[in-house]
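Asks: Before I ask anything, here is the structure I am working with.
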Amino acid sequence: MFSILLQQLQRHPLATPAPRLAMRNAAVLVALHGSESDPQVILTERAAHLNSHPGEVAFPGGMFEGQDEHLLETALRETVEEIGLYREQIKPLATLPAATPKRSEVWVTPFVARIEEPLQFTLEKSELSAVFSVPLSHFISLQRYRYFDVDVRGSALTFPCIDFAGYRIWGFTLRVIVEMLNDCLAANIVLRYPAQYLQQRPVSLIETR
């Protein structure tokens, strides 16, 4: 599985985009590691005291800062700061379509990278409460998905999610993973999203109905 995924990701060449003007910009790392038969993605849980998306599952990453040469540098810098990987372990591979997540005015660019093992995390506890890895195979079974209601600016919207080891994965994080699997592995994961949310989606890797 891992070799096929890496081969298909070549259709999304690695780029070093500059931040979009007149917008808040962020970058995240879709950090992959593991064996050929069991590739995994590294995810984090944001600290409960944060003002933005407290307690939610997210990719390592964060906001563009003035010293960053480009958004890929943002993703790498934030990953090193948040979970303590060495820069030499991170091998950037691809740039996925950017999007604006729910309840946010931030333009987020995801980058895919392969992480060389062994892994030893050092958590930035002021920002994160946990870091963990999820096998990509966990996302392929449609029976694992469910739906729940979220209050978005006073309206209840229904979103898909998937649970793993007590963590709920949903929103922008889930959408990036699912679209990558649909595009690169023909996973055919079809999820329902609120119409208001789809209006903010990126130029998609593959259409999700």
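Asks: Which of the GluC sites (Glu not before Pro) across the stretch 25-69 are loop residues per DSSP, with 14 or fewer other Cβ within 10 Å?
Replies: When the GluC sites (Glu not before Pro) of the stretch 25-69 are filtered for loop state and at most 14 Cβ neighbours within 10 Å, 36, 65, 69 remain.
Asks: Still on this structure, I have one more. So for 64, 111, fewest C-beta neighbours within 10 Å to most, what's the order?
Replies: With the sparsest Cβ surroundings first, the list reads 64, 111.
Asks: Tell me the mean residue ellipticity at 222 nm calculated for the chain from its helices only (DSSP H runs of n ≥ 4, each -39500 (n - 2.57), averaged over every residue, nearest 500).
Replies: -5500 deg cm²/dmol
Asks: Match the structure shown to one of the listed values (i) 8, 29, 32, 21, 9, 1, 0; (ii) 8, 36, 41, 14, 0; (iii) 8, 28, 23, 19, 16, 6, 0 of P(r) over Cα pairs in 10 Å bins from 0, in percent, computed from it, and give that label.
Replies: Matching the structure shown: (ii).
Asks: Something else now. Taking the Cα centre of the chain as origin, work out the dipole magnitude from +1 charges on Lys and Arg Cβ and -1 charges on Asp and Glu Cβ, in debye rounded to 20.
Replies: Its charge dipole is roughly 740 debye.
Readers should treat all values here as calculations from the given coordinates under stated rules, not as data from a laboratory. Source: prediction; values computed, not measured. So basically every Cβ, Gly included, is an ideal-geometry build from the backbone, and we count neighbours across all protein chains shown.
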